[in-house]
Amino acid sequence: MGYTFLLTLPIIRTHNRAAHTYVLDMKTNITLKLDSEILRQARIIAAEEGSSISGLLASKLQELVRQRKSYARSKSRALARLRNCTDHGWVRPASRDELHER
């Protein structure tokens with residue numbers, strides 16, 4: 001039997017120094033359907049970490065989003081470096097024999 005679980009994401013306040021304003025990101029509720037055994041284990045994990053299931057899931061989702069953004073930025077920078085660099089120091093061998101020459 002599955003359970004429906006409501007997750008509330010935290011409010012995040014950021015300060016825009018240029019505009020001297022605060023931006024308030026409101027919490028949003030989502031509903032999850034979880035298997036009863038997964039829910040039981042999630043409750044245990046959350047209790048061990050001193051958190052609620054909602055807090056545990058919110059922190060894991062925030063971590064996942066940060067990792068993906070970090071990866072995307074790194075990938076973008078690496079591809080830009082490759083595009084801007086025309087001399088990679090590699091010269092194509094003229095023949096197969098030259099390639100395997102020792």
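How much length, in nm to one decimal, is gained on full extension between LYS69 and THR28, taken as 0.36 nm per residue of separation minus their Cα-Cα distance?
This chain segment gains 12.7 nm when fully extended.
Suppose the chain between ARG96 and LEU82 were pulled fully straight at 0.36 nm per residue; how much longer would it get relative to their current alpha carbon spacing?
On the way: separation 14, 0.36 × 14 = 5.04 nm, distance 2.65 nm.
The span from ARG96 to LEU82 would gain 2.4 nm if fully extended.
Report, by chain and number, residues whose modeled amide H sits under 5 Å from the one on LEU32, excluding near sequence neighbours (fewer than 5 apart, same chain).
PHE5, LEU6, LEU7
What list of ³J(HN,Hα) values in whole Hz, one per residue of the stretch 75-80 in order, does the Karplus curve 6.51 cos²θ - 1.76 cosθ + 1.60 (θ = phi - 60°) give from phi, with Gly and Pro shown as x?
Rounded to whole hertz, the list is 4, 4, 5, 5, 5, 5.
Since every read-out is calculated from the coordinates, none of them should be taken as a lab result. Note that this is a predicted model, so its numbers are computed, not measured.
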